[in-house]
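Notes for the one structure printed next.
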Amino acid sequence: MGSYGIGVSRAVAAIAEQTLDDSGLCWPASVAPYDVHVVPVGKAKPGETSEQLAVAERIAAELESAGRRVLLDDRVASPGEKFADADLLGMPTIVVVGKALADGEVEVKDRRTGERRKIALDAVVDELSS
């Protein structure tokens with residue numbers, strides 16, 4: 001006897017199948033495991049923390065305090081690998097803390113549309129919390 005009921009695992013598989021693109025998943029915000037994926041990219045001297053990682057950790061903590069679910073990519077990996085993994089995982093919003101930090105900004109990417117915009121560092125939490 002078989003059972004072909006609709007359970008959570010089947011629903012998640014159906015959502016994943018219907019929302020993926022060439023780069024990976026594109027989770028709808030209502031079912032995404034995290035709201036925001038924070039990706040710091042920058043080099044640090046051995047044994048030290050990069051400025052990008054320190055800022056990314058602060059942004060992640062502030063977003064979590066504002067009630068957002070945050071995935072912080074704090075791995076030691078190349079920027080290309082981090083970007084590819086962020087697209088593959090498919091969180092609705094990706095915050096890149098990288099070169100724009102020199103201008104006091106971070107880059108925010110909408111995973112579904114691919115739209116990128118720069119946001120002032122002091123406004124990112126307010127912008128993503130609303």
Each label point is 7 Å from the Cα along the Cα-to-Cβ direction; what then is the distance between the points at Lys45 and Ala120, in nm? 3.2 nm
Taking a ≥ b ≥ c as the square roots of the Cα gyration tensor eigenvalues, with a/c under 1.5 meaning rounded and otherwise prolate when a/b beats b/c, else oblate, which class fits the chain? prolate
Please report, in cubic angstrom per residue, the volume enclosed by the convex hull of the alpha-carbon atoms of the range 1-65. 172 Å³
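Only loop residues by DSSP count here, and only those with at most 16 other Cβ atoms within 10 Å; note down the GluC sites (Glu not before Pro) in the range 29-130 that meet that.
Values: sites: Glu48, Glu51, Glu57, Glu62, Glu64, Glu81, Glu105, Glu107, Glu115, Glu127; in loops: Glu48, Glu115.
Here the sparse-neighbourhood loop sites are Glu48, Glu115.
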Radius, Kirkwood style, for the range 27-97 when every pair of distinct Cα atoms is counted (Å): 12.4 Å
Can you compute 3J(HN,Hα) from phi for each residue in the range 111-126, using the Karplus curve 6.51 cos²θ - 1.76 cosθ + 1.60 with θ = phi - 60°, rounded to whole Hz and x for Gly and Pro? 4, 5, 8, x, 5, 10, 8, 9, 10, 4, 4, 6, 10, 5, 5, 4
Going from the alpha-carbon gyration tensor of the range 55-130, what semi-axes, largest first and in whole Å, does one get by taking the root of 5 times each eigenvalue? 18, 14, 13
If you keep only loop residues by DSSP, which trypsin sites (Lys or Arg not before Pro) in the range 60-112 have at most 14 other Cβ atoms within 10 Å of their Cβ? Arg69, Arg75
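Coordinate-derived values only; no laboratory data. Fair warning: this is a prediction, and the values are worked out from it, not measured in the lab. Heads up, the Cβs are rebuilt from the backbone with ideal geometry, glycines too, and the neighbour counts pull from every protein chain shown.
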